[in-house]
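Structure first, then comments.
The values are calculated or read from the model by the stated rules, or taken from the named source; none is laboratory data. The model shown is predicted, which means the values in this text are computed figures rather than measured ones. FYI the Cβ positions are ideal-geometry reconstructions off the backbone, even for glycines, and counts take in every protein chain you see. Note: areas computed on protein heavy atoms with side chains; ligands, DNA, RNA excluded. Shrake-Rupley method; radii C 1.70, N 1.55, O 1.52, S 1.80 Å.
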Amino acid sequence: MHRRIEENLMDLGDILSGPEQILPEMQAANRWEAIDELIKNLVATGKIKAENLDAIAAVVKRRESSMSTGIGFGIGIPHASTEMISEVVGSLGRSKQGINFDALDNQPVNLAMLFLVPPVQIQKHLHTLANIAKLLHRSEFRQALLQAPDAVAMLKIIKDQGPK
């Protein structure tokens, strides 16, 4: 039974369907700017409607203000549940200079994965979120993403980590 649940989970490669959902050179200096930058990417890629940008940003920032999603090791996973989407959407950003995320380890964030889930799927995707966090905690995976030359190379690294 446990195995069947695992098979239904999305992985990072499912959420990031194309290189346009990856920002290899984020400009954000803090977590609030990072959230805005990643949400604007979701609008630009057609994953969320432009008229929902401010409302979605408010939901993510409200979640973020309750507790930082800077989980340590240079990783931030801002996330929220919203009825303004019908399927899971996400955007990955990389910052070589680092973003002040008020992370648990007080270190700057170099990889920020924004993750939005419709409320009807929240339970299922808490497991997806945990799996993404585990993957990003792997040092060699993080290093490969940080050293990749562009979004296309970053996406290939992510897809190579998916189910075989």
**Report entry** Heavy atoms of residue 102 accessible to a 1.4 Å probe, total area in Å² rounded to 10
**Finding:** 90
Requested in this report: Above 18 angstrom, tally the Cα pairs of region 4-90 and express them as a % of all pairs, no decimals.
Outcome: 47
Query - Relative frequency of Cα-Cα separations exceeding 27 Å in the chain, percent - result: 16
Query raised in the report: Projected onto the charge dipole of the chain (+1 at Lys/Arg Cβ, -1 at Asp/Glu Cβ, origin at the Cα centre), which of 59, 152, 35 gives the Cα projection farthest towards the positive end?
Result: 152
Query - Fraction of accessible area attributable to carbon and sulfur, the chain (%, probe 1.4 Å) - result: 54
Query raised in the report: Between residue 159 and residue 107, what is the label-to-label distance in nm when each label sits 7 Å out along the Cα-to-Cβ direction?
Result: 3.0
**Report entry** Surface accessible to a 1.4 Å probe, per residue, for the residues of the chain, Å²
**Finding:** 51
Query raised in the report: Which aspartates and glutamates have a Cα less than 16 Å from the Cα of residue 47, not counting those fewer than 8 places away in the same chain?
Result: 14, 20, 36, 37, 83, 87
Report task. Taking 7 Å along the Cα-to-C-beta vector as the label spot, tell me the residue 140-residue 68 distance in nanometres, rounded to one decimal. Result -> 3.0
Query raised in the report: Can you give the calculated 222 nm mean residue ellipticity of the chain, where each DSSP H run of n ≥ 4 adds -39,500 (n - 2.57) and the sum is split over every residue, rounded to the nearest 500 deg cm²/dmol?
Result: -13500 deg cm²/dmol
Query raised in the report: Could you name the lysines in cross-link range of residue 159, using Cα to Cα under 19 Å and dropping any fewer than eight places away on the same chain?
Result: 134
Query raised in the report: Net charge near residue 150, counting Lys/Arg +1 and Asp/Glu -1 over other residues with Cβ under 15 Å of its Cβ?
Result: +2
Query raised in the report: So which DSSP H runs in the chain come out at 18 Å plus along the axis (Cα) with average Kyte-Doolittle of at least 0.0?
Result: 31-44, 53-66, 122-137
